[in-house]
Amino acid sequence: MTALWLLFLSFSAAGIALCLVRAAAGPTTPDRVVGVDGMATISIALMVLLASFFDRQVYLDVALVYAVLGFIGVLAVARYMERGV
Amino acid sequence: MRIFGEILIGIGTAFLFLGGLGIFRLPDVYNRLQAGTKCTTLGAFSTILGVGFVHPNWMLKAIVIAVFILLTNPISAHALARASYKSGVKLWDKSVVDRCKEFEECQEIGKEEEG
Amino acid sequence: MIYIAILTVAMLIAGVGAYFFRDLIAAVVACAAVSLIASVLFYLLQAPDVAMAEAAIGAGLTTAIFVIAIRKTGRYEK
């Protein structure tokens with residue numbers, strides 16, 4: 001059973017690593033924003049999986065705060081790039 | 001119930017991995033945005049609901065997190081695509097159709113006919 | 001243990017990127033990535049309250065304030 005959960009965790013960690021490579025190597029600035037946004041969403045899912053792995057309900061609150069507040073940064077950057085440049 | 005939740009988590013993590021692969025491999029900002037947003041939203045939604053099925057008394061909080069992801073992720077993706085189109089990021093060479101450019105051309109033709 | 005080491009290396013890469021980018025918007029995005037990885041790292045070290053504060057401040061507040069400051073000044077570093 002633990003091996004199955006480790007497989008799930010390593011799948012999501014591989015997704016985060018691929019997004020990080022794109023965010024580091026993207027040619028333009030929106031590529032980097034796309035990479036960081038995907039990394040944020042995958043790490044919300046990873047936080048929920050780790051809460052189930054550690055078996056503590058308190059750990060879900062971190063994922064909740066990130067899901068509520070995580071899109072404000074991307075929205076601010078997008079509004080700046082639409083108006084300013 | 002636990003088996004069903006683990007099947008959901010398996011589908012979700014597979015989609016998360018495919019979303020990361022799409023962000024890594026695809027050639028253009030818009031292609032990457034589409035792959036990243038669709039796969040990642042479905043993957044996170046399925047994973048969180050699966051954790052809610054594995055632990056049934058966490059179900060309410062899991063549904064709240066899933067609904068927030070389902071609401072906020074398309075908003076940020078739409079704003080980002082619009083901003084990158086407005087700031088002049090080129091499409092890929094082999095992209096076939098550009099509906100936004102066609103729409104603006106149609107509007108300019110309409111203005112000329114009115115005036 | 002090895003996950004913590006990998007996350008630390010990734011955070012270091014993002015910090016070096018935040019130092020070297022000429023486009024300041026890209027530097028702000030790199031700062032957001034540093035904050036995200038720090039939040040996951042606090043989470044793995046079993047401090048969920050610190051991780052929650054880091055997520056709230058780093059994801060929303062810092063990025064918005066930096067973008068407002070860049071709008072007042074200029075986008076590219078000279």
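Computed quantities for the displayed model
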read-out: Eligible aspartates and glutamates near B:Lys90 by straight Cα distance, threshold 19 Å, same-chain separation 8 or greater; value: A:Asp31, A:Glu82, B:Asp28, B:Asp98, B:Glu102, B:Glu104, B:Glu105, C:Asp23
read-out: Cβ neighbours within 10 Å from other chains - mean over B:57-65; value: 4
read-out: Number of partner chain Cβ atoms within 10 Å, mean per residue of C:21-34; value: 5
read-out: Rounded if a/c under 1.5, otherwise prolate or oblate - the protein assembly as shown, Cα gyration tensor axes; value: prolate
read-out: Spatial separation of Cα centroids for region B:1-63 and region A:62-85, in angstrom; value: 21
read-out: Residue order, fewest to most beta carbons within 10 Å, for C:Leu61, B:Leu60; value: B:Leu60, C:Leu61
read-out: Which of C:Gly60, C:Leu36, C:Ala10, positive extreme of dipole for chain C (C-beta unit charges); value: C:Gly60
read-out: DSSP H segments from chain B that extend 20 Å or more along their own axis, Cα-based, with Kyte-Doolittle mean of 0.5 or above; value: B:2-25, B:29-54, B:59-86
read-out: Dipole magnitude (debye, nearest 20) for the protein assembly as shown, charges at Cβ of Lys, Arg, Asp, Glu; value: 420
read-out: Global form of chain C, assessed from the alpha-carbon gyration tensor, a/c cut-off 1.5; value: oblate
read-out: Degrees separating the helix C:2-20 axis from the principal Cα axis of chain C, which is the longest one; value: 10
read-out: Rounded, prolate or oblate (a/c below 1.5 giving rounded, otherwise prolate when a/b exceeds b/c) for region B:7-51 by Cα gyration tensor; value: prolate
read-out: About the Cα centre, charge dipole magnitude for region B:2-90 (Lys/Arg +1, Asp/Glu -1 at Cβ), debye; value: 280
read-out: Within straight-line cross-link reach of B:Lys111, lysines at Cα separation under 20 Å, skipping those fewer than 8 residues along the same chain; value: B:Lys101
read-out: Shielding by other protein chains, B:88-97, mean Cβ within 10 Å; value: 1
read-out: Burial order of peptide ranges C:46-57, C:20-31 (average beta-carbon count within 10 Å, highest first); value: C:20-31, C:46-57
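Here, each number is a calculation from the coordinates, and none is a lab measurement. Everything quoted here is computed from the prediction, not taken from an experiment. Every residue, glycine as well, gets a Cβ built from its backbone with ideal geometry; the counts of neighbours run over all protein chains shown.
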